[in-house]
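Written out below as structure tokens is the structure these notes cover.
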Amino acid sequence: MNRPAQTTRFATDAKTSSQQVVYATGNTTTTAASQQVYLARVEEEWNKRLDGEIEQLAASFREIIKVSGFTEFVRAPGADYDRQIEKDKYRNSLDGYVAELTAANIAKNCEALLTLTHELKTAFLLNDTETLMQYSQRRKKESTARKEKIKRKVLELNDELAEAIWEIESVLGGGKGESLGEVM
């Protein structure tokens, strides 16, 4: 199936045609222009997901840095400055708990990013028909070469076998022209 030319940032190396191609998907038909809109929308969705995950990672790291200390700054009532006070044990354990939750959130965001990269790789592989055809042709050439090599080897072994049978027949038959099957 030919695909329309790609003009957006979401480009593919799949073969394209310059003509207006109509795809039939169920009850809806899509033209090349709506295909471009679809690809732009998919790209925008993936960009939004990526931006959201990165923002959550940055916020989680900021939170861990914020709670990772034994002192905190508190504004004194009626004063224009912050004063540094030492945290008590309860506040330290609470901040440790918050740091653990935030670390779990970071792990979840990293898994989401890995899932996103997997989806992108899968989409690339599924749309990369040229590479798949190259792999298929290379495997076909390799199997043809292997088949030819095996045929040559079989013919060589067949010739050696025929020569060995002729030698055995000539020894056992005493040169009378009898075949090996007649002697036995």
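For region 109-128, does any single residue satisfy the condition of being part of a loop (DSSP other than H, G, I, E, B) and at negative phi?
If we filter region 109-128 for residues that are part of a loop (DSSP other than H, G, I, E, B), which is where we start, we get 128.
Those still in the list that are at negative phi too: 128.
For region 109-128, residues part of a loop (DSSP other than H, G, I, E, B) and at negative phi: present.
Take region 84-118 and flag every residue that is without any contact (Cβ under 8 Å) to a residue 12 or more places away in the chain and either in contact with a Pro (Cβ under 8 Å, 6 or more places away or on another chain) or over 18 Å from E63 (Cβ atoms) (or both).
D88, K89, Y90, E111, L114, T115, T117, H118
For the subset of region 125-159 comprising residues that are in contact (Cβ under 8 Å) with a residue 60 or more places away in the chain and not acidic (D, E), which member is surrounded by the fewest Cβ atoms within 10 Å (Cβ to Cβ)?
The first filter runs over region 125-159 and keeps only residues in contact (Cβ under 8 Å) with a residue 60 or more places away in the chain, leaving 127-130.
Okay, now just the ones that are also not acidic (D, E), so 127, 129.
On the way: N127: 13, T129: 15.
Only one residue tops the list, namely N127.
Can you tell me which residue is modelled with the lowest pLDDT among those in region 150-184 that are not in a helix (DSSP H, G or I) and not hydroxyl-bearing (S, T, Y)?
Only one residue fits best here, namely M184.
Pick out the one residue from E72, E43, E53, E63 that is without any contact (Cβ under 8 Å) to a residue 60 or more places away in the chain, within 21 Å of T115 (Cα to Cα), under 48 Å from the mean Cα position of the chain (by Cα) and surrounded by 14 or more Cβ atoms within 10 Å (Cβ to Cβ).
Values: E72 fails: within 21 Å of T115 (Cα to Cα); E53 fails: without any contact (Cβ under 8 Å) to a residue 60 or more places away in the chain; E63 fails: within 21 Å of T115 (Cα to Cα).
Criteria check complete, one pass: E43.
The values are calculated or read from the model by the stated rules, or taken from the named source; none is laboratory data. What you see is a predicted model; the values in this text were computed from it and never measured. A quick note on method: Cβ atoms are made from the backbone with ideal geometry, for glycine too, and the neighbour counts reach across all protein chains shown.
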